[in-house]
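J.: Supplied in structure tokens, the structure appears directly below.
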Ligand SMILES: [Zn+2]
């Protein structure tokens, strides 16, 4: 799926969680960093693609991407699995709490949760594409939903565009009709 679809899906998921659940009040700074972390989380699984959007935004990023690509086992391998999600989540939490929190005064727990929501939304969205996702890596089964490939989405085709629109619509609907998007204090 395209980076834009993943951004939209992550924002939709975040809006749903905030609008539907009990979210503690937070500072404006935490809210801004949390939204950025959500988008970053949604793009992280595709760092195993040398052409991923995040790599193109970094200086010499495409070169680094090409070096890291084989280390991650190629596209849609470990970064698209439960093992990868837990490993990255654990490493990130450690970094946020022990290092980033010294220079950035925001609620790191909230930032971590929104990052992980973005990450999870990415795997869910890739699951409905024809290629599927190796959720149980290192077991090499690529799992997709629905089970019949013909019913799944092909990246870049009309069905993906329709999903994007749907996500934007849902986010808008939740924000406008249900509750304010972020409980800022
Ligand atoms: Zn992906």
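J.: For the structure I just gave you, tell me whether residue 82 is away from the ligand (no atom under 13 Å from the Cβ) and closer than 16 Å to residue 132 by Cβ. Before the answer, list the steps.
T.: Details: away from the ligand (no atom under 13 Å from the Cβ): yes; closer than 16 Å to residue 132 by Cβ: yes.
When the stated conditions are applied, residue 82 passes them.
J.: Every residue in segment 1-59 that is surrounded by fewer than 18 Cβ atoms within 10 Å (Cβ to Cβ) and farther than 30 Å from residue 74 by Cβ, please.
T.: 16, 17, 20, 21, 22, 23, 24, 25, 27, 28, 29, 32
J.: Just to be sure, is residue 106 more than 24 Å from residue 155 (Cα to Cα) and not in a helix (DSSP H, G or I)?
T.: Details: more than 24 Å from residue 155 (Cα to Cα): yes; not in a helix (DSSP H, G or I): yes.
The answer is yes for residue 106.
J.: Identify the residue in segment 78-95 that is out of contact with any strand residue (DSSP E or B) (no Cβ under 7 Å at 6 or more places or on another chain) and buried (at least 19 other Cβ atoms within 10 Å of the Cβ) and, among all such residues, is farthest from residue 35 (Cα to Cα).
T.: Here the residue is 78.
J.: Moving on. Which count do you get for residues in segment 129-144 that are surrounded by 14 or more Cβ atoms within 10 Å (Cβ to Cβ) and closer than 16 Å to residue 87 by Cα?
T.: Result for segment 129-144: 3.
J.: Just to be sure before I move on: is residue 47 closer than 26 Å to residue 166 by Cα, in contact with a helix residue (DSSP H, G or I) (Cβ under 8 Å, 6 or more places away or on another chain), within 11 Å of the ligand (Cβ to nearest atom) and free of Cβ contacts under 8 Å to residues at least 40 places away in the same chain in the structure I sent?
T.: Numbers: closer than 26 Å to residue 166 by Cα: yes; in contact with a helix residue (DSSP H, G or I) (Cβ under 8 Å, 6 or more places away or on another chain): yes; within 11 Å of the ligand (Cβ to nearest atom): yes; free of Cβ contacts under 8 Å to residues at least 40 places away in the same chain: yes.
The answer is yes for residue 47.
Rule-based calculations on the coordinates, nothing more; no lab input. What you see is a predicted model; the values in this text were computed from it and never measured. Every residue, glycine as well, gets a Cβ built from its backbone with ideal geometry; the counts of neighbours run over all protein chains shown.
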